[in-house]
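Worksheet for the structure shown next.
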Amino acid sequence: MSIHRRTFLKSAASVIPAAAFPNVFAQSSPQTPIASTPHPVPAGEDRSGHLHSLGFSSLAFKVVTSDTSSNLFVIEQSNLLPDKGPALHMHLSQEEWFYVLEGEVRFQVGDQRLSLRTGESILAPRRIPHCFSATGSPAHMLAAFTPADKIEQYFIDGAAHPSLATTADFMNRYDMQWLGPSPFWKS
């Protein structure tokens, strides 16, 4: 039985993007239930109704780890301040994807520095150093982590101790490696 080229290409095109995020689409284990009903989160609100902050933006949890068996965690960052942001760091076991909703955000991912505007996105692969900061005026963006690992707990604990959230000892507890201050920080 032969397969037509067009049919094959359509099938491959639908599978290849999913292969980029295998953990997101993985079957959950029986011990870890995932959300069985939709849970809409209104604009500007947090999944649990409580906003968070590390001191450089307001964070709303949109998809929490308990919804995805720790395969995905999504946050909305609003009022991301210029010349502020996380320390230069890397995640040891997760990818982080950023999507700019409004404004302009400077990124360093590996050795590359670039500015992204509304509608643009970038992936920071695991074990690649990265950091970011708004440019000029406050910005608004989404960030997704896969697999989620300890990142949700990092944001919860970091919000309780914002002065520690961008320090080496604190970040290292959550499977991240602190690499130094952000090149975007201003005194």
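Some notes on this structure:
- Once C-alpha pairs closer than 8 Å and six or more residues apart are averaged by separation and normalised to the residue number of region 42-180, the relative contact order reads 29 percent.
- Spatial extent of region 42-180: Rg and Dmax, with the Cα atoms as the point set, Å: 13.6, 38
- Taking GluC sites (Glu not before Pro) across region 65-139, the ones in a DSSP loop with at most 16 further Cβ atoms lying within 10 angstrom of their Cβ are Glu120.
- Note on Lys84: aspartates and glutamates with a C-alpha under 18 Å away, same-chain residues under 8 apart excluded, are Glu76, Glu102, Glu104.
Computed from the coordinates by the stated procedures, all read-outs in this text should not be read as laboratory data. Here the structure is a predicted model, which is why all the values come from computation and not from measurement. Heads up, the Cβs are rebuilt from the backbone with ideal geometry, glycines too, and the neighbour counts pull from every protein chain shown.
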